[in-house]
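Participant: Let me give you the structure first, and then I'll get to my questions.
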Amino acid sequence: MKLDIEYVRSLFPAFSEPALQGQAFFENAGGSYTCAPVLNRLFRFYTERKVQPYAPFAASQLAGAEMDEARARLAALMGVETDELSFGPSTTQNTYVLAQAFRRWMPEGGAIVVTDQDHEANSGPWRRLAEDGIEIREWKIDPQTGHLDPDALVPLLADGRVRLVCFPHCSNVVAEINPVAEIVQTIHAAGAYACVDGVSYAPHGLPDVGALGADIYLFSAYKTYGPHQGIMVIRRDLGRALPNQGHYFNGDALYKRFTPAGPDHAQVAASAGIADYIDGLAAHHGGADAPPRARAVLAHDLMRGHEVALLQPLLDYLAARNDIRLLGPRDAARRAPTVAVACARPAEGVAADLAPHGIMAGGGDFYAVRPLAALGIDPVHGVLRMSFVHYTSTEEVSRLIAALDKVL
């Protein structure tokens, strides 16, 4: 089954916005367009429900019910329990809060493994725990390909002191999709927990966190067609074992234990629009009567199928050039459609040259300073990054290739 791209684009107001006509958006890894169901819910909350939720009057009870709905429906789509999913102001902030919980929980002599493939948000907060005497071990990428070899993790776990391994589902510059379930099995066999940064993967289809086995899974709603919120799954056993980081009197509620600040009521409620969109996408393609997780799988497969078909010609074009360095796999099925290339010129200038051709792309380090340095690329020089999602059209990819021909 092929994705109905016209139906998809009809649900994103950006594509009918006059100011954006003639512009092809290729910086989706920095934040996607917002779908209409999210915008509609956000507007309704601010106009009809903008009161303190959970009070005993109608507007308040509707506000609370919409916040609860967002948590319940997104958790069901991801194959986890409702209270295992919580919201925070961003994935960076959520990771920082988790790191503080682990700082207090880690046993003496315990170690944490991080990678040099990560965006800094899933690396820096853990690395800073070294200041408190926690040993930090680095799982290194291949300096030529950026590949994160699962076999290279095994020696880091051999002495039994590692309590947590933090790694990305895929990198925001290398983009290779890591075998999460396989890696998690290795981690669990060593008696450790797995924290997976899904920020660069979730926009291409919400994962089955239950099937992956990850103890923690984090991603950003504003990159999955929603509002600016961080969404995190913490499986119940681990969430209960870690020290409460919220108000002491909320410690019995798992989804409140790692949100020390009050939630953004409107944005949490609007996140249910992500579920509306996924359910609608599945229904349009024949999955109206499927259970939640099956709807998410259908939407995921439609998204990935469309993205892979569009991505391969772009990869083939870039791989054939001898004046750039393409990062990550050249097989579209092995990666996300986040394509970074090192150019002779500084990347920000190349991105600026694409703009007059109607191409919105980015140049810089994208907070991936460590992976770029590990690959021998000067982060100041940066990389040109062209990223898209399932609402991108074949025609837009062709326009990108034509523009690259003119500016490279």
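The values are calculated or read from the model by the stated rules, or taken from the named source; none is laboratory data. Here the structure is a predicted model, which means the values were calculated and not measured. Positions of Cβ are backbone-derived with ideal geometry, glycine not excepted, and every protein chain shown enters the neighbour counts. In case anyone asks, the SASA skips ligands and DNA or RNA and just uses the protein heavy atoms, side chains included. Shrake-Rupley method; radii C 1.70, N 1.55, O 1.52, S 1.80 Å.
Participant: Can you report the number of residues in region 169-191 which are open to solvent by 30 Å² or more (accessible area, probe 1.4 Å) and either in contact with a His (Cβ under 9 Å, 6 or more places away or on another chain) or aliphatic (A, V, I, L, M) (or both)?
Facilitator: Result for region 169-191: 4.
Participant: Looking only at residues in region 309-321 that are within 22 Å of the chain's Cα centre (by Cα) and open to solvent by 40 Å² or more (accessible area, probe 1.4 Å), which one is nearest to Ala72 (Cα to Cα)?
Facilitator: Ala309
Participant: Also, quick follow-up: Could you check how many residues of region 197-251 are farther than 22 Å from Val113 by Cα and among the β-branched types (Val, Ile, Thr)?
Facilitator: Qualifying residue count for the region: 2.
Participant: Among the candidates Ala269, Ala299, single out the residue that is in a helix (DSSP H, G or I), small (Gly, Ala, Ser) and more than 22 Å from Phe26 (Cα to Cα).
Facilitator: Selected residue: Ala269, the only one of Ala269, Ala299 that is in a helix (DSSP H, G or I), small (Gly, Ala, Ser) and more than 22 Å from Phe26 (Cα to Cα).
Participant: Continuing with this model, one more query. Restricting attention to region 368-396, and to residues there that are of a type in the set (Ser, Thr, Tyr) and outside any loop (DSSP other than H, G, I, E, B), which single residue is nearest to the chain's Cα centre (by Cα)?
Facilitator: Ser387
Participant: Based on what the data block shows, is Cys166 of a type outside the set (A, V, I, L, M), in contact with a Cys (Cβ under 6 Å, 6 or more places away or on another chain) and open to solvent by less than 10 Å² (accessible area, probe 1.4 Å)?
Facilitator: For Cys166, the condition - of a type outside the set (A, V, I, L, M), in contact with a Cys (Cβ under 6 Å, 6 or more places away or on another chain) and open to solvent by less than 10 Å² (accessible area, probe 1.4 Å) - is met.
Participant: Tell me whether region 388-397 contains one or more residues that are closer than 30 Å to Leu206 by Cβ, in contact with a Ser or Thr (Cβ under 7 Å, 6 or more places away or on another chain) and open to solvent by less than 10 Å² (accessible area, probe 1.4 Å).
Facilitator: Yes, region 388-397 contains a residue that is closer than 30 Å to Leu206 by Cβ, in contact with a Ser or Thr (Cβ under 7 Å, 6 or more places away or on another chain) and open to solvent by less than 10 Å² (accessible area, probe 1.4 Å).
Participant: Which residue, of Asn122, Asn94, is over 30 Å from Gly376 (Cβ atoms) and buried (at least 22 other Cβ atoms within 10 Å of the Cβ)?
Facilitator: Answer to the selection: Asn94.
Participant: Could you tell me which numbered condition Asp151 fails, if it satisfies all but one of (1) in a helix (DSSP H, G or I); (2) in contact with a helix residue (DSSP H, G or I) (Cβ under 8 Å, 6 or more places away or on another chain); (3) over 21 Å from Leu218 (Cα atoms)?
Facilitator: Failed condition: (2).
Participant: For region 54-81, what are the residues that are open to solvent by 30 Å² or more (accessible area, probe 1.4 Å), assigned to a helix (DSSP H, G or I) and in contact (Cβ under 8 Å) with a residue 24 or more places away in the chain?
Facilitator: Glu69, Arg73, Ala76
Participant: Then there's this: If we scan region 122-138, do we find a residue that is within 22 Å of the chain's Cα centre (by Cα) and among the β-branched types (Val, Ile, Thr)?
Facilitator: no
Participant: State yes or no: is Tyr33 without any contact (Cβ under 8 Å) to a residue 60 or more places away in the chain, assigned to a loop (DSSP other than H, G, I, E, B) and of a type in the set (Phe, Trp, Tyr)?
Facilitator: No.
Participant: In region 227-243, which residues are farther than 29 Å from Asn40 by Cβ and open to solvent by 40 Å² or more (accessible area, probe 1.4 Å)?
Facilitator: Of everything in region 227-243, those that are farther than 29 Å from Asn40 by Cβ and open to solvent by 40 Å² or more (accessible area, probe 1.4 Å) turn out to be Arg235, Arg236, Asp237, Arg240, Ala241.
Participant: Next up: Among (1) in a loop (DSSP other than H, G, I, E, B); (2) under 19 Å from Ala374 (Cα atoms); (3) over 24 Å from the mean Cα position of the chain (by Cα), which single condition is Pro107 missing?
Facilitator: The one condition Pro107 does not meet is (2).
Participant: Keeping to region 36-53, report how many residues are part of a loop (DSSP other than H, G, I, E, B) and surrounded by 15 or more Cβ atoms within 10 Å (Cβ to Cβ).
Facilitator: Within region 36-53, residues that are part of a loop (DSSP other than H, G, I, E, B) and surrounded by 15 or more Cβ atoms within 10 Å (Cβ to Cβ) number 3.
Participant: Quick check on my filter: what residues within region 350-367 are open to solvent by 60 Å² or more (accessible area, probe 1.4 Å) and within 23 Å of the chain's Cα centre (by Cα)?
Facilitator: Result: Tyr367, single match.
Participant: Has region 344-358 got any residue that is assigned to a strand (DSSP E or B), touching a residue at least 40 places away in the same chain (Cβ under 8 Å) and more than 16 Å from His147 (Cβ to Cβ)?
Facilitator: There is no residue in region 344-358 that is assigned to a strand (DSSP E or B), touching a residue at least 40 places away in the same chain (Cβ under 8 Å) and more than 16 Å from His147 (Cβ to Cβ).
Participant: For the subset of region 1-21 comprising residues that are assigned to a loop (DSSP other than H, G, I, E, B) and at pLDDT 95 or above, which member is farthest from Leu310 (Cα to Cα)?
Facilitator: Glu17
Participant: Looking only at region 99-112, how many residues end up being in contact (Cβ under 8 Å) with a residue 60 or more places away in the chain and open to solvent by less than 10 Å² (accessible area, probe 1.4 Å)?
Facilitator: Number satisfying all stated conditions: 2.
Participant: Looking at region 326-340 only, could you name the residues that are open to solvent by 50 Å² or more (accessible area, probe 1.4 Å) and either aromatic (Phe, Trp, Tyr) or touching a residue at least 24 places away in the same chain (Cβ under 8 Å) (or both)?
Facilitator: If the condition is that a residue be open to solvent by 50 Å² or more (accessible area, probe 1.4 Å) and either aromatic (Phe, Trp, Tyr) or touching a residue at least 24 places away in the same chain (Cβ under 8 Å) (or both), then Ala333, Arg334 are the ones that fit.
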